[in-house]
1. Any idea how many residues of segment 1-56 are outside any helix (DSSP H, G or I), touching a helix residue (DSSP H, G or I) at 6+ places or on another chain (Cβ under 8 Å) and of a type outside the set (Ser, Thr, Tyr)?
2. Which ones in segment 1-19 are of a type outside the set (A, V, I, L, M) and either surrounded by fewer than 10 Cβ atoms within 10 Å (Cβ to Cβ) or in contact (Cβ under 8 Å) with a residue 24 or more places away in the chain (or both)?
3. Tell me, which residue of segment 20-64 that is hydrophobic (A, V, I, L, M, F, W, C) and under 23 Å from residue 3 (Cβ atoms) is surrounded by the most Cβ atoms within 10 Å (Cβ to Cβ)?
Amino acid sequence: MLIIDSKDCENIDKALKKYKKKFEKSKTLLQLRGRQAYIKPSIVRRAEVLKAIYKQQLDGGKFD
């Protein structure tokens, strides 16, 4: 549950902006989207490995 401390003199737009930023940092939407369909753990691990390989290749300068 996200709690936003809003002061009496604070604009509603600023409070909404704070809420959106906190919501994005908490990654709640990503968790909800991830739970929509079951993904086998082996597929999750394979995706993580492929992502790590891609990042290493980027750092190594293979993709220029």
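Nothing in this text is a laboratory measurement; each read-out follows from the coordinates by a stated rule. All values reported here derive from a predicted model rather than from experimental measurement. Reconstructed Cβ throughout: ideal geometry from the backbone, glycine too, with neighbour counts over all protein chains shown.
1. Here the count works out to 2.
2. 5, 7, 8, 9, 13
3. The initial filter retains those residues of segment 20-64 that are hydrophobic (A, V, I, L, M, F, W, C), namely 23, 29-30, 32, 37, 39, 43-44, 47, 49-50, 52-53, 58, 63.
Filter once more, so that each one left must be under 23 Å from residue 3 (Cβ atoms): 23, 29-30, 32.
Numbers: 23: 13, 29: 10, 30: 10, 32: 9.
Restricting to residues being hydrophobic (A, V, I, L, M, F, W, C) and under 23 Å from residue 3 (Cβ atoms), the top hit is 23.
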